[in-house]
Structure formats: structure tokens, C-alpha cells
1. Among the residues of the range 23-33, is any within 24 Å of Leu192 (Cα to Cα) and open to solvent by 40 Å² or more (accessible area, probe 1.4 Å)?
2. For Lys97, work out the one condition from (1) in a helix (DSSP H, G or I); (2) in contact (Cβ under 8 Å) with a residue 40 or more places away in the chain it doesn't fulfil.
3. Which residue out of Leu109, Leu161, Leu105 is farther than 30 Å from Gln364 by Cβ and in contact with a Phe, Trp or Tyr (Cβ under 7 Å, 6 or more places away or on another chain)?
4. With the structure loaded, tell me whether Phe390 is of a type outside the set (Asp, Glu), under 22 Å from Gln238 (Cβ atoms) and either open to solvent by less than 10 Å² (accessible area, probe 1.4 Å) or without any contact (Cβ under 8 Å) to a residue 60 or more places away in the chain (or both) or whether it fails that test.
5. Given the conditions (1) in a helix (DSSP H, G or I); (2) farther than 22 Å from Pro425 by Cβ; (3) within 16 Å of the ligand (Cβ to nearest atom), report the number of the one that Asp278 does not fulfil.
6. Which numbered condition trips up Ser221, out of (1) more than 17 Å from the chain's Cα centre (by Cα); (2) surrounded by fewer than 17 Cβ atoms within 10 Å (Cβ to Cβ)?
7. Restricting to the range 78-119, give me the number of residues that are more than 28 Å from His26 (Cβ to Cβ), surrounded by 13 or more Cβ atoms within 10 Å (Cβ to Cβ) and not basic (Lys, Arg).
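The values are calculated or read from the model by the stated rules, or taken from the named source; none is laboratory data. Since we're looking at a predicted model, the values are computed, not measured. All Cβ positions, glycine included, derive from the backbone under ideal geometry; neighbour counts span all protein chains shown. Only protein heavy atoms, including side chains, enter the accessible area calculation; ligands, DNA and RNA are left aside. Shrake-Rupley method; radii C 1.70, N 1.55, O 1.52, S 1.80 Å.
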Amino acid sequence: MSGGQVISGKEVAQHNSRESCWIIVHGKVYDVTEFLDDHPGGSKIILKYAGKDATAEYEPIHPPDAITTNLPPEKHLGVVEAGTVEKVEVKISDEEKARLERFELRPPLSEVLNLHDFEYIAKLVMPEKGWAYYSSAADDEITHRENHAAYHRIWFRPRILRDVTQVDWSTTILGHKSSMPIYISATALGKLGHPDGELNLTRAAAKHGIIQMIPTLASCSFDEILDSAKPGQVQFFQLYVNKDRNITKRIVQHAEERGIKGLFITVDAPQLGRREKDMRMKFEAEDPSEVSKAGSDGVDRTQGAARAISSFIDPGLCWNDIKWFKSITSMPLILKGVQCWEDAMEAYDYGLAGVVLSNHGGRQLDFSRSGIEVLAEVVENLKKRRGLSFPNDKFQLFIDGGVRRATDILKAVALGATAVGIGRPFLYAFSTYGEDGVNKALQILHDEFEMNMRLLGAPTLRNVVPEMVDISNLRSHIVSVPDDRLYAGNYESLEHAKLKVS
Ligand code: 173
């Protein structure tokens, strides 16, 4: 049989076993029998759709070309005859019904006042898997919370009696105009939140004049995202480095050909962190007999969506590779995931264009410090040891993680950041309201900038200087002390004691 054949749904349905397993994706028929045990997400999930249409399950977690690039051409059997495929019966649980009702009842966008609101609504209305994947973070999620909490340890020292009739918070990032000192950070698997996935971000970024960083593991294909950009729209690309450097070279050079303006190489994920919320979701979805087999072939199938598709990432990536990257591209190179001044200085000495001080949204090493805290030490040390001042056009500092307000961003700018990456809040915005949600999130930040620039006494970002922030507590990690329940439960306080009334 060759790839051009028309095959009836009935015939596909006969290949419904481990011995002969055909599936339909986007109207095409594939023989995946020999691929079953190589599927990073396990054979079980494919076998569930053996002989059937797997498109709905496939779509959110695979780029559209994943199947065509992983299966040899002789396994592309043909196209399915229209109207002959039996619908896969999807049983809707009571919880799912209730969720869909909640989705319909979500408040009008006009009631959303800040970025936290999107997160609150997302938790109530998002599909369980998507919420678990987006919101999860490593281990005890201490770093995830610290990312936000760290901003609470910085206080403003605003200036008064400056003319703030006009305020302007636009800037340039790697030489490209941006209407705000932010960019949309790379986040994987956009279709877990909304059928248009990352395109929601591309469109809103164009509308608001900000830059989107496209992830390696987007649900939409790279070219689809590029094709939906406006002419001249600036985009960056986040790169996971493949063990097979030829694949990486092809991806990087394709990105450059398509006009990507900055390559952000992720350096904080030689192995993916344990996101237990995401892992549990997978665990519950599995048949227990399959779970007990997990690991017998060296691949643990119970690790959640992200881990299942991350095995291509090279843990052998090291400083020596930088030379190679410079030889294959002339895009500006930025390391994403730097966590101390020593590595930031190394990046500078290697002649890179900048670093993102980031702990991957708290999803990698738990107890790694917040970007804003690392920013302060990087600025201090690069000033002392390399005579640099920030913001600096030649070596730009970015941070991400925990940003929810323009005040957070202004704190980072005051300390020397060129711009701040925002990830989850935009995911929550499109998961709840599609592109309109992202537009609203950007409008909220716009309004917050306008007010806070005036209140700070800063007509432009150049006036947002280190003297405007008090960071004397930034490095003291305040740890909350749990209630002493033993004491509280056993001690009988004075009010219960029998007092002699004199
Ligand atoms: O944070 C992530 O979830 C992430 O970066 C990732 C990495 C590999 C596969 C999927 C997501």
C-alpha cells in the first residue's frame, strides 16, 4: 500500500491490536505497529486509539509534523475515506460536565482586573490535564512561590514633583522596539489550554507591539507560528538542544532563515524537574497494570506530559558548545536559565548577547533563587569585575518567574534588567478567553505601567534607577514557620484554668 491510497474507516478499524496497529491523525492513516514501544508517551495511549481517529488526543501534545518525521514513509498508508470513520465515543464524566458548565459561566473579561484573576478562573475552568501541566512546579514548589514572593521584599523609593504628564515605558530589546519592557516567554504545549495554542500569543503580541519567544515544544508548528505573524513582527526562539546536533543545526538555521531575531538556549534543564501535579495526572489516567510495568524498558511512563516528550534534550550540553553555536548562526545568542553571577560573567566573557536569569518558573531545581534576587548579584559583580553598567545594550539582562504586576517589572528595570519574561499569566489568559484574554492581560499591564510610572516619578524607563528601590531585604529568605500544632492542641491556656477570684 502506498501513501496516496484512499482507505476506508472500516479497514482501518480492523488494525486495532498490538500485532497490527493503524491510527488516523488529521485524516491520514499511519501504521504505528513497530513504533508502539518507541513512543515516548508509552504504547498504552496509542493502543487506546488502535484502528481509530487519534487526532483529538494527538493534537495538543505533538507538533503537527511529529508523526510524519518519526515514521518512515512506508508507514504513511494513505488518506481515510471521508465519512467512513466511526466517531470515537468520548465518555464525558460528571466532573467534566461540571467543568464545561463553569467554563460557560466564567465572568466577562470586563470583570478581570489583574493577572491573578486569569489564574483563578483558569483553575476553575481549564481541562484538568492542562491546568496540572501549566501550574505544576518542581518538588515542593518552594521556588515557584519564592519567584513571586521575592518581589514582596523590594520596596519603592519614589520621587516627587517631577513632570509626569507624559510617561513612556517603551524600550528596545536586542535592538528591537517593544511597547513595554516585557516579552512573552516560551512555554510548551499551548493547545492544552486552547485549540489555537501559541497563535493566540502571536496575534496579541503583534497587536500590542511586544515580542513573543517561540518555544521548541510548541503545540503549533514553528512555521505555522511564523506564518501567522504580521510582516515585520519580531519573534525570538527558545531552543532545547537535541542530543543529535544535526537536528539542532537544522532547527537553528531554519529559525534564522525565517527571520528569528534572537536564540534563547535553555541551559537549566539537562533533565526535566519532577512536577508532581503533572505526574499524578498521568498516573491516574493509566491502567494500574500498565503503571506496574513502567520502567521495565528503562522509560518510566508515569512521569507526566512534559517528561514523556523531553528525552531528546542533551544533558551533555556545555560551555564548549557555544563556539559551535556561533559557527552555525549569526543570531544573537542568549542563555536562558542562568542562576548565579559566575555563570552570567562566563556568558559575557564568551561574547554572548545576554542571559535570562531564570529558574524555569520554579519547574526545575527546587530551592533555586528567584531571578530578581540573582539580578541584583549579577549587576553588582559585573560592575565590579567587568566595569559594566546596566541596562547595557551589548550584554542584556533578562529575568523571568513570578511576575504578575507592572510594579514587579519596574523593580527589575530599576535593578538593571532590559526586560522581563512573562509565561504562565499569558497561558492562563488564553486558556480562559483565547486571544481576547491575552489582549486584556497586555492592556492591564499597560494601564499599570502608566499609573506606576507616574507614581514613581519616572517619565521614562531611563528614570527608573537603582535608587528607586530598597532591596535591603531581598536576600533574606523568609521561611514561614508552620503552626506548632502539638503545642496548640495540648496546651490549656489560662482562660480554661480555674482561677480563684479574689
Ligand atoms: O517547563 C516545561 O514543562 C518544559 O520546558 C518542557 C520541557 C520538555 C517537554 C515539555 C515541556
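1. There is at least one residue in the range 23-33 that is within 24 Å of Leu192 (Cα to Cα) and open to solvent by 40 Å² or more (accessible area, probe 1.4 Å).
2. (2)
3. Selected residue: Leu109, the only one of Leu109, Leu161, Leu105 that is farther than 30 Å from Gln364 by Cβ and in contact with a Phe, Trp or Tyr (Cβ under 7 Å, 6 or more places away or on another chain).
4. No: the conditions fail for Phe390.
5. With (1) in a helix (DSSP H, G or I); (2) farther than 22 Å from Pro425 by Cβ; (3) within 16 Å of the ligand (Cβ to nearest atom) applied to Asp278, the lone miss is (2).
6. (1)
7. Counting residues in the range 78-119 that are more than 28 Å from His26 (Cβ to Cβ), surrounded by 13 or more Cβ atoms within 10 Å (Cβ to Cβ) and not basic (Lys, Arg) gives 8.
Yes/no per residue for (1) open to solvent by less than 30 Å² (accessible area, probe 1.4 Å); (2) outside any loop (DSSP other than H, G, I, E, B):
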site: Leu352; (1), (2): yes, no
site: Gly362; (1), (2): yes, no
site: Leu382; (1), (2): yes, yes
site: Leu410; (1), (2): yes, yes
site: Asp436; (1), (2): no, yes
